[in-house]
Amino acid sequence: MNHMPLKRREFLAAGGVSLTLPMLERFATAADAASPPMRAVFVCVPNGVNMWEWHPATTGEDYELTPPLRNLAELRRRFTVFSGLQHTTGGGHGELGVWLTANANYTAGKGAVTRSSISIDQHIAESVGKQTRWSSMVVGGSGGRRTISFDRQGEPVLADNDLAAIFAELVGVANRDRLPRRASVLDFVAAQAKSLRQELGKGDERKLDEYFDSVRAVEKRVQADIAWQAAAKADVMDEARLKLQADPYKPLDYAAYMDTMFELIYLALRTDSTRVVSFATTESEGVGPLKNLPCGSWHNVGHSTGDEPPDQKVKEYAILSEYDAWWTARLAKFLDRLQSTREGGHDMLNRTAVLYGSGMSWPASHRSHNLPLLLAGGEGLKFVHGRHLAFNGQKKAVPQEKNYLTGPKLGPESVMMSDLLRTISEQMGVDAKGFGESRRTLHEVMS
Amino acid sequence: MARRHTLGFLCVALLAVDPASAQQQHESAYADTVVPFLKRHCVACHGPDKQESDVRFDGPMPDLVDRDQAERWLTAKQLIAQGQMPPEGRPRPTADELTNVLAWIDDAAGRAATVTRGGIGRRALRRLTPREYVNAALDTLGMSFPHFAVDLSSRLAQDTGADGFSNDSNLQTTQPLLLRRSLDLAEQLVDVALPDAEDSAPVSYKIDLREYAAAFQGKLTNPNPALKLDIPGARDGEKATLKLTGRWIAPGKGRGRLAAARLDSERGVVLQPNPRLIDLPAECLILEMPRVADRGVLRIRATAGGNVPAGEASPVLRVSITREKVAVPVAEMVVTASADEPVEHVLEVPLALVSADWKGIRRDGHLSVQIDNAAALSYPTPRENGDHRKEHELPLPPRNELILTSLAVEVVGSPSRSPDLLASATAGQTDRDRARESLEVMLARAFRRPVRDSEMAAYLGLYDAERARGGPFLAAYKLAVVAALISPPMFYLVEPKDVQQRPLTAWEIASRLSFLAWGTCPDEELRAHAADGSLLREDELRRQLNRLLDDPRSYEFCRDFVRQWLRLDTVIHLQPRTFTRPTIDDKEDLSFYETAIRRDLADEPPRFFQEMLRRNGPIEAFVDADFVVVNDRLARFYGMEGVSGHHFRTVPAPAERRGGLLTQAGCIAAASHGRERAEILRGVYLVERILGIDIPTPPGNVQPLDVQLNNDKKLRQLTPRMHVEAHSSVNTCAVCHQRIDPLGFVWDQYDMFGQMRRGKDGTLIAAATKGSLPDKTPFADMDEFRRLLIEPTATMPRFTDAFQRRLYAYVLGRSLDHGDEKHLRSMALATGRTAVGLRDLLAAMVLSEPFRNK
């Protein structure tokens, strides 16, 4: 593979615009800033995992890396793996609507997500997002309403899945000269919407308000683009990593699509375009690109295990393991990318908390206790890593224990996934007391 | 049946009565009939002393606009109607009592529905769907690119779930992502329509391919020949390079098929189908051009004809933009001209709208255009039994040939169908007057109505501001056009409110009609009828509807409605092969065929719908038709002979394909989700899509049927029927599944792609098609099932009723509610109970009150 970075001039030519060089000198990246920003990334890989393998058997620092986690061996000191965290309601295949919202009353729809409550990424973005071009980056492999992000009103935030368009917006240079005009267009249509509003009935007004809010949001983005001087530094771009034409519906393209999306997330963080990212890698159940993974339909295989003991479903569990490792390999690549980029006195991972996991544990019975979750990076946010932490007395599932499918009885002392979400938010500097089902912060992961 | 309500005597025409007195009547009816009923039958348990289930019926008159109230009262209505309330042991209400109370609840619910949605017509401001938006924007700008292979609407975020129609204003939202992408698209479109003064000399290359052929004839046998020819530019002299590439590896050395392209100095370059777009295509022409800007229009003029052996598909001329490992197909056109009489084919591609890899055409300005023959097989050739030769050793049957005689490739400033978007400059006219004149035409088209003075002033103000900032005329005008394209009157179907509900204006009706029938804004004739108000007359509205439906553009409506209704888009991405036997070219030809047949499968039901519209076929024919609408590939798929050519046409149906939609492979495939064992999924599909019954989402942890089968050895020993029956009886989901599961058997004779299930020897496998409808009416097979769907019932045949609801929701652009019941009924009456023609039904819907009123 040719990893030759793109030269600055080529990059500019690529942008299709001839800027004079003096202007370029103002380009800088977040890396140059004295105190790098804090960031949070949420990556959801739905449909559960091979639960016989995922969680380590012992807790503490000396736990043995399980097969799917071996891909992360090099990063062992940089992440914490959790056992025993849960949502009260998993939502089954509505897991995307619950994962970051912890909405116990969520009703799953058919395929796309339905209304939920605000998700933690948007909660963080409401405060942190003001400082960047994009308040948050919401992306997904299937896109649209296959999202894990929900706004304050509980409306799903559509996930973007158009690689080329995301890249174009990220680079932003191509249309730099027309930004001021864009701003005046948006300002103009906002005024038009306002005068139209008086003519409409109540229901229509609400709809028009959506339009109005959207115009304002895009306007903000344009203003941020205008003010944004730190365009992507040329050596940030790595051509070989960007397969912008990859089509997730083509099995052969699937890995390239996911890797490119991770790379775009990296670039967005690297250029400080945003500090909050949510990535719904694929859909839960569904008929989308999910089945294009190398081994066929992951969802069906998950069901096929019947959550039975491992020796009963050897073939099925082997396939699940393959999936789990396929995804952790992608995660490892992403984390490594962050780790090998310097900023301030540290690497980027130091200031980036990455929550990775599924909204489901046992794939056949769709359990939502003992969720497979790991938190990587963010030591600069006071997270302390290199351990396996188990909560609520959770033990690793063993076939001899008959009741491995049963979640613990939840008492007032129970620790929830909400507590972890809240902790991430608060370490980002955004108060999240009582978020979802949270009752306390997860101090265990900070000491 | 869940949705069929007995309406009693609700046919009180709400509009005919003065609203105030209607309200009075409604109130007195409550006091006179409902209150006594409640006192006698309900309040004992649901009143001041006891509140069973937390429900009370002793309050003041309820307002069903309140959601909770509505739910309580409609639940009560259902329980009373079913005789579950009052509970056993309590005195039964008399028939008179019942009728009056139920009718009152219906009336209240209907009124509430009208109030909630702010009028009898539409509930909320309806946004254009992504497809409509692209169509309308292109029309407003006066552009069309009929052979452009890029679906621009896919760049706009889709915000609806899998279940509703994308035009359902209740489900639509508008989000920043959508607006952002719409703005991007609007800017790009305007750049294409109104190019800045030519920034570089136009590029133009003309190649006589007969000369090319003469120059290289006889050199194709070499391995990797360098068939490169420099082509001088017609205008600026810069050279481009034309090369014919292909796999001419010595036989036996390579794997897979070899190139069969020929050079013919009499006729030109002869290309056989190329199943592989990138990574060693079998054969194609590549023109490498120097330094082309990434804007303007790429125009290909190719003189081409085809040789088509019997049973083969027509050649397809495909143009792609390529670079290294990326190739983006940008235009496609079927070539039907014969080799002896080649004709000129013109394909236009707006370069700015090609989402080619950013580094592809942009990095160094070079542009490579690949031209090949993209015809897929019309039917794969199976491998002989016992033939174990390697794939490349198998002789391939003769394929069609695309013969290219000459080729002209140009990059020009603006599209050939030049838009009248800019008034031509006249002497003595100021720039501002020219902008005003142009804006008047453009804004009226974008807004689908005359422009108001205040709007005109605002847009001119936008223009002025840009000029004041020093912007040139064109830039300032383009700014106003972009603003118009994303402004609310373009983005939405705006229908301002009035104090009272009101009839729509002629302009508003024109928009509704045009977006319904063509998925785009009104054309000139429709605008004329809106302008003189004649569209408000029933006869003119009917005439215009018919005119629009007669136009081929109405296929947009057929496609959009049918593909969503029957979820046909899922068929495109189904994984398993349709052709299960080994073929002589599994590696390339077959996978190319599989892509093509999926597209055809998804196209058949809309084409069938189009034919039904054309002939005003009775609704019943959707499940009972003696014809099919197929093309060559589908005909072969169905085992029919004698259909050649890529276009869809009507032919008599073979015996196993007389069920209309029910025997169309696309529907069966969409219902089967690519699973061999799909009885339950098929049942759900039939219940929801064909019988129109909403069923709740199943709990999250239910195992798919084929998975259950895999898991449980005992289950595997059962027949499919026994297994499904076990499922619907033991499972806790029996309540729903007893209604769903027995339906799926009706397709037992058809496999997951809708082909007949056959044994190895080709005979039909005995199917067990016995099942029952959700209301337990049994059927023996497909024929009986179809008869049950269309036999007369007390109200309407089952299918007709369901179909009418689906279509009406689409026509109105919102989900139906209680207030629509009477219109559905009156439509049924207006069109007559039996043998309603599709076109008549559509006309009745368009003429109905909700369509013509706010």
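Each row is one residue, and each column tells you yes or no for (1) more than 27 Å from B:ASP151 (Cα to Cα); (2) at pLDDT 95 or above.
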| position | (1), (2) |
| --- | --- |
| B:ARG553 | no, yes |
| B:ASP560 | no, yes |
| B:ARG567 | no, no |
| B:GLN575 | no, no |
| B:ARG581 | yes, no |
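Of the residues B:LEU377, B:LEU396, the single one that is buried (at least 21 other Cβ atoms within 10 Å of the Cβ), out of contact with any Cys (no Cβ under 8 Å at 6 or more places or on another chain) and under 24 Å from B:ALA310 (Cα atoms) is B:LEU377. Candidates are the residues of region A:425-447 that are surrounded by 13 or more Cβ atoms within 10 Å (Cβ to Cβ) and free of Cβ contacts under 8 Å to residues at least 24 places away in the same chain; the one that is farthest from A:VAL81 (Cα to Cα) is A:GLU426. Among residues of region A:143-157 being part of a loop (DSSP other than H, G, I, E, B) and buried (at least 24 other Cβ atoms within 10 Å of the Cβ), the one that is nearest to the other protein chains (Cβ to nearest Cβ) is A:ARG145. Comparison of A:VAL430, A:VAL398 shows that the only residue that is part of a loop (DSSP other than H, G, I, E, B) and modelled with pLDDT of 95 or more is A:VAL430.
Is it the case that region B:524-534 has a residue that's farther than 30 Å from A:PRO180 by Cα, touching a helix residue (DSSP H, G or I) at 6+ places or on another chain (Cβ under 6 Å), in contact (Cβ under 8 Å) with a residue 12 or more places away in the chain and surrounded by fewer than 16 Cβ atoms within 10 Å (Cβ to Cβ)? Before you say what the answer is, go through the steps one by one.
First, pick out the residues of region B:524-534 that are farther than 30 Å from A:PRO180 by Cα: B:524-534.
Checking the rest, the ones that are also touching a helix residue (DSSP H, G or I) at 6+ places or on another chain (Cβ under 6 Å) come to B:526, B:529-530, B:533-534.
Within this subset, residues satisfying the condition of being in contact (Cβ under 8 Å) with a residue 12 or more places away in the chain are B:526, B:529-530, B:533-534.
Applying the additional criterion that residues be surrounded by fewer than 16 Cβ atoms within 10 Å (Cβ to Cβ) yields B:533-534.
Yes: region B:524-534 contains one or more residues that are farther than 30 Å from A:PRO180 by Cα, touching a helix residue (DSSP H, G or I) at 6+ places or on another chain (Cβ under 6 Å), in contact (Cβ under 8 Å) with a residue 12 or more places away in the chain and surrounded by fewer than 16 Cβ atoms within 10 Å (Cβ to Cβ).
The listed residues are A:SER116, A:SER135, and the only one of them that is surrounded by 22 or more Cβ atoms within 10 Å (Cβ to Cβ), more than 11 Å from chain B (Cβ to nearest Cβ) and not in a helix (DSSP H, G or I) turns out to be A:SER116.
Could you tell me whether any residue of region B:586-605 is of a type in the set (Gly, Ala, Ser), closer than 30 Å to B:ASP801 by Cβ and buried (at least 21 other Cβ atoms within 10 Å of the Cβ)? Full working, then the answer.
First pass over region B:586-605, keeping only residues of a type in the set (Gly, Ala, Ser): B:591, B:596, B:602.
Among the residues that remain, those that are also closer than 30 Å to B:ASP801 by Cβ are: B:602.
Among the residues that remain, those that are also buried (at least 21 other Cβ atoms within 10 Å of the Cβ) are: B:602.
Yes, that holds for at least one residue.
Name the residues in region A:88-105 that are more than 10 Å from every other protein chain (Cβ to nearest Cβ) and buried (at least 24 other Cβ atoms within 10 Å of the Cβ), would you? Once the filter is applied, which keeps residues that are more than 10 Å from every other protein chain (Cβ to nearest Cβ) and buried (at least 24 other Cβ atoms within 10 Å of the Cβ), region A:88-105 yields A:LEU96, A:GLY97, A:VAL98, A:TRP99, A:LEU100, A:THR101, A:ALA102, A:ASN103.
Condition check ((1) outside any loop (DSSP other than H, G, I, E, B); (2) under 26 Å from B:GLU849 (Cα atoms); (3) modelled with pLDDT of 75 or more; (4) not β-branched (Val, Ile, Thr)) across all residues:
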{"position": "B:VAL17", "(1), (2), (3), (4)": "no, yes, no, no"}
{"position": "B:ALA20", "(1), (2), (3), (4)": "yes, yes, no, yes"}
{"position": "B:ASP49", "(1), (2), (3), (4)": "no, no, yes, yes"}
{"position": "B:ARG56", "(1), (2), (3), (4)": "no, no, yes, yes"}
{"position": "B:ALA70", "(1), (2), (3), (4)": "yes, yes, yes, yes"}
{"position": "B:ARG90", "(1), (2), (3), (4)": "no, no, yes, yes"}
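Residues checked against (1) part of a strand (DSSP E or B); (2) surrounded by fewer than 22 Cβ atoms within 10 Å (Cβ to Cβ); (3) in contact (Cβ under 8 Å) with a residue 12 or more places away in the chain:
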{"position": "B:ALA260", "(1), (2), (3)": "no, yes, yes"}
{"position": "B:LEU263", "(1), (2), (3)": "yes, yes, yes"}
{"position": "B:ASN274", "(1), (2), (3)": "no, no, yes"}
{"position": "B:ARG291", "(1), (2), (3)": "no, yes, yes"}
{"position": "B:ARG295", "(1), (2), (3)": "no, yes, yes"}
{"position": "B:ALA310", "(1), (2), (3)": "no, yes, yes"}
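Counting residues that are under 23 Å from A:GLY429 (Cα atoms) and within 21 Å of the chain's Cα centre (by Cα), which strands (runs of 3 or more DSSP E) fully inside region A:317-392 reach at least 1? Before the answer, list the steps.
On the way: elements: A:352-357, A:373-376, A:388-390.
Those strands (runs of 3 or more DSSP E) span A:352-357, A:373-376.
Against the conditions (1) over 36 Å from the mean Cα position of the chain (by Cα); (2) of a type outside the set (S, T, N, Q); (3) under 30 Å from B:ARG262 (Cα atoms), B:LEU474 satisfies every one except (3).
Scanning region B:631-678 for residues being surrounded by fewer than 15 Cβ atoms within 10 Å (Cβ to Cβ) and polar (S, T, N, Q) gives a total of 0. For A:ALA318, are the conditions met, namely being surrounded by fewer than 19 Cβ atoms within 10 Å (Cβ to Cβ) and at pLDDT 90 or above? So A:ALA318 passes the test.
Among the conditions (1) at the interface with chain B (Cβ under 8 Å from one of its Cβ atoms); (2) more than 23 Å from the chain's Cα centre (by Cα); (3) surrounded by 20 or more Cβ atoms within 10 Å (Cβ to Cβ); (4) at pLDDT below 90, the only one that A:ARG178 does not satisfy is (3). Within region A:183-205, the set of residues being within 7 Å of chain B (Cβ to nearest Cβ) and either charged (D, E, K, R) or touching a strand residue (DSSP E or B) at 6+ places or on another chain (Cβ under 8 Å) (or both) comprises A:GLU199, A:LYS202, A:ASP204.
Specify which of the listed residues (B:SER729, B:SER772) is modelled with pLDDT under 85 and among the hydroxyl-bearing types (Ser, Thr, Tyr).
Details: B:SER772 fails: modelled with pLDDT under 85.
Step by step, each of B:SER729, B:SER772 is checked, and only B:SER729 is modelled with pLDDT under 85 and among the hydroxyl-bearing types (Ser, Thr, Tyr).
Those helices (runs of 4 or more DSSP H) of region B:415-494 in which 2 or more residues are within 14 Å of chain A (Cβ to nearest Cβ) and of a type in the set (A, V, I, L, M) occupy B:431-447, B:453-468, B:473-486.
Scan region B:528-537 and tell me whether some residue there is on the phi < 0 side of the Ramachandran plot, in contact with a His (Cβ under 7 Å, 6 or more places away or on another chain) and of a type in the set (A, V, I, L, M). Explain how you work it out, then say what you get.
Kept after step one, since they are on the phi < 0 side of the Ramachandran plot, are these residues of region B:528-537: B:528-532, B:534-537.
Of the ones still in play, those that are also in contact with a His (Cβ under 7 Å, 6 or more places away or on another chain) are B:535.
Right, trim to of a type in the set (A, V, I, L, M) and you get B:535.
Scanning region B:528-537 turns up at least one residue that is on the phi < 0 side of the Ramachandran plot, in contact with a His (Cβ under 7 Å, 6 or more places away or on another chain) and of a type in the set (A, V, I, L, M).
The values are calculated or read from the model by the stated rules, or taken from the named source; none is laboratory data. Nothing here was measured: the structure is a model prediction, and the numbers come from that model. All Cβ positions, even for glycine, are placed from backbone atoms using ideal geometry, and neighbour counts span all protein chains on display.
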